[in-house]
Amino acid sequence: MFLEHSQLKENTTIEISGSKSISNRLLILHQLFENILIENLSNSQDTQLLQAALQSDSQIIDIHHAGTAMRFLTSYYAIQEGKTVILTGSERMKQRPIKFLVDALQDLGAEISYLENEGFPPLKITGKKIIKSTVRIPANISSQFITSLMLIGAKLENGLQIKLEGTVTSKPYLEMTLKILRTVGINNYWEGNVIKIQPNIHTEKQSQSIPFVVESDWSSASYYYSLAAISRKTINLKWFKPYSLQGDSVIKEIYWKFFGVNTISEGAESRISLLPEHYFQFPEKIVLNMNDCPDIAQTLCVTATALKIPFEITGLETLKIKETDRLLALKNELFKIGCIAEITDNSIVSQKFFEPNENISIATYNDHRMAMSFAPFCLIKNLTIENPEVVEKSYTSFWQDFAQITEKTN
């Protein structure tokens with residue numbers, strides 16, 4: 001997709017669908033307990049794939065690129081007594097490790113085997129009743145592994161106590177899961193390195209349904225923060241709550257501190273306005289640990305490069321096991337827009353900015369966030385986004401919305 005050098009229209013409004021992270025958690029809980037009514041469900045491809053898998057009677061479940069679905073379904077199928085499935089995905093999915101989650105489930109008594117490479121999908125899962133109620137898992141891995149266990153905890157006869165070993169990564173995502181569980185009537189607590197999910201089997205098939213309105217996705221909102229920061233123009237976003245369950249809502253504080261974009265919330269209309277401060281003094285350097293919000297690191301790095309603000313971002317170890325090795329991909333593509341960066345296993349640091357060449361073409365590596373995080377750079381120069389359809393994974397209408405709020409420069 002060719003994005004011509006553009007400018008942002010002033011004071012436009014965009015509606016973003018429900019959070020993928022919240023929607024996918026609720027879909028699993030709805031399938032387990034049947035009394036949850038979900039409103040404003042995400043229209044992302046990942047959520048559609050998970051929904052289709054949960055409704056399928058097939059013995060082979062192919063979730064393509066949907067990493068969340070792979071992780072959540074591994075635990076879900078492990079407790080479906082008497083049901084055997086093969087859980088598989090794309091070639092990239094077969095390269096994404098799942099060993100820590102499988103180890104934990106096997107330790108609980110689950111029957112799971114690898115069909116190709118040890119530690120990676122595809123998996124053969126035969127559901128069975130799980131009695132054991134205590135498990136250990138490393139805390140510095142993807143929060144989705146831990147969340148996957150948390151979601152099935154209340155369905156187990158004795159509940160589930162998860163002992164986290166090491167430093168917790170993406171803590172807000174775990175806190176979000178606990179809040180969702182409490183909202184639908186599942187008791188839990190988190191003290192020190194122990195998460196306890198109380199058994200709640202009696203809630204299934206209750207006569208009274210629990211409605212849950214999914215708030216809009218803050219990860220998707222991050223691209224509009226980038227547009228506002230680069231253009232210094234106002235954008236309005238609908239269906240956002242002032243107090244969010246989502247860890248990525250920290251984008252409000254990050255973009256105010258480093259880019260002078262203020263967030264004004266109008267609770268009655270479920271709307272936020274992104275208002276750039278025109279006399280804001282940009283920092284000499286952005287130094288930030290994004291351990292709690294790694295999914296918005298790409299967006300921040302592109303924004304900083306567009307504004308030529310040096311950056312040092314740490315806490316990014318989980319980016320290496322996403323849809324692609326996001327750290328390496330980010331380094332490669334930042335160079336194309338004028339930033340020489342160095343990476344380690346958990347960080348990216350800008351070394352030098354330079355004037356990029358014409359004919360910029362951004363590779364997306366089958367990664368939705370690569371496409372969307374680099375799109376705002378069209379406010380600086382023409383650029384082409386390769387394989388733009390990857391945005392369907394999380395934000396189906398992104399290109400239509402993007403076109404709605406931008407216009408060609410004269």
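Tell me, which strands (runs of 3 or more DSSP E) lie completely within region 339-410 with 2 or more residues that are in contact with a Ser or Thr (Cβ under 6 Å, 6 or more places away or on another chain)? Where strands (runs of 3 or more DSSP E) fall fully within region 339-410 and carry at least 2 residues being in contact with a Ser or Thr (Cβ under 6 Å, 6 or more places away or on another chain), they are 339-343, 406-408.
Based on this model, can you work out whether Leu160 counts as farther than 22 Å from His368 by Cβ, open to solvent by less than 30 Å² (accessible area, probe 1.4 Å), out of contact with any strand residue (DSSP E or B) (no Cβ under 8 Å at 6 or more places or on another chain) and modelled with pLDDT of 95 or more? Don't jump to the end; show me each part of the working.
Details: farther than 22 Å from His368 by Cβ: yes; open to solvent by less than 30 Å² (accessible area, probe 1.4 Å): yes; out of contact with any strand residue (DSSP E or B) (no Cβ under 8 Å at 6 or more places or on another chain): no; modelled with pLDDT of 95 or more: yes.
Here the answer is no, as Leu160 does not meet what is asked.
Kindly establish whether Glu175 is modelled with pLDDT of 95 or more and either in contact with a Lys or Arg (Cβ under 9 Å, 6 or more places away or on another chain) or assigned to a helix (DSSP H, G or I) (or both). Spelling it out, it is not the case that Glu175 is modelled with pLDDT of 95 or more and either in contact with a Lys or Arg (Cβ under 9 Å, 6 or more places away or on another chain) or assigned to a helix (DSSP H, G or I) (or both). Scan (1) under 22 Å from the mean Cα position of the chain (by Cα); (2) open to solvent by 40 Å² or more (accessible area, probe 1.4 Å) for the single condition Arg71 breaks and write down its number. Failing condition for Arg71: (2). Counting only residues that are closer than 17 Å to Tyr77 by Cα and in contact with a strand residue (DSSP E or B) (Cβ under 9 Å, 6 or more places away or on another chain), region 134-147 holds 2 of them. Kindly indicate whether Tyr223 is buried (at least 19 other Cβ atoms within 10 Å of the Cβ) and of a type in the set (Phe, Trp, Tyr). Here the answer is yes, as Tyr223 does meet what is asked.
Taking residues in region 50-70 that are without any contact (Cβ under 8 Å) to a residue 24 or more places away in the chain, and partners anywhere that are part of a helix (DSSP H, G or I) and of a type in the set (Gly, Ala, Ser), the pairs with Cβ atoms closer than 9 Å and at least 6 places apart or on different chains are Ala53/Ala69.
Screening Asp62 on (1) open to solvent by 20 Å² or more (accessible area, probe 1.4 Å); (2) at pLDDT 95 or above; (3) over 22 Å from Ser42 (Cα atoms) shows it passes everything except condition (3). Find the residue count for region 267-278, including only residues that are within 14 Å of Lys238 (Cβ to Cβ) and touching a strand residue (DSSP E or B) at 6+ places or on another chain (Cβ under 7 Å). Number of matching residues: 5.
Residues in region 300-358 that are closer than 19 Å to His5 by Cα, open to solvent by less than 30 Å² (accessible area, probe 1.4 Å), without any contact (Cβ under 8 Å) to a residue 60 or more places away in the chain and not hydrophobic (A, V, I, L, M, F, W, C): Glu333, Gly338, Pro356.
Of all residues in region 371-392, those that are assigned by TED's automatic domain parsing to the domain that holds Leu300 have Cβ atoms under 7 Å from Cβ atoms of residues that are among the aromatic types (Phe, Trp, Tyr) and not in a helix (DSSP H, G or I), 6 or more apart or on another chain, in Met372/Tyr395; Thr384/Phe2. Residues in region 138-164 that are over 23 Å from the mean Cα position of the chain (by Cα) and of a type outside the set (Lys, Arg): Ala154, Leu156, Glu157, Asn158, Gly159, Leu160, Gln161.
Is it the case that some residue within region 288-299 is farther than 30 Å from Ala66 by Cα, open to solvent by 10 Å² or more (accessible area, probe 1.4 Å) and either among the β-branched types (Val, Ile, Thr) or part of a helix (DSSP H, G or I) (or both)?
Kept after step one, since they are farther than 30 Å from Ala66 by Cα, are these residues of region 288-299: none.
Among the residues of region 288-299, not one is farther than 30 Å from Ala66 by Cα, open to solvent by 10 Å² or more (accessible area, probe 1.4 Å) and either among the β-branched types (Val, Ile, Thr) or part of a helix (DSSP H, G or I) (or both), which makes the answer no.
The values are calculated or read from the model by the stated rules, or taken from the named source; none is laboratory data. Remember, predicted model here, so these are calculated numbers, not experimental data. Methodologically, a virtual Cβ is constructed for each residue, glycine included, from the backbone with ideal geometry; neighbour enumeration extends over all protein chains shown. Just so you know, the surface numbers come from the protein's heavy atoms only, side chains and all, with ligands and any DNA or RNA stripped out. Shrake-Rupley method; radii C 1.70, N 1.55, O 1.52, S 1.80 Å.
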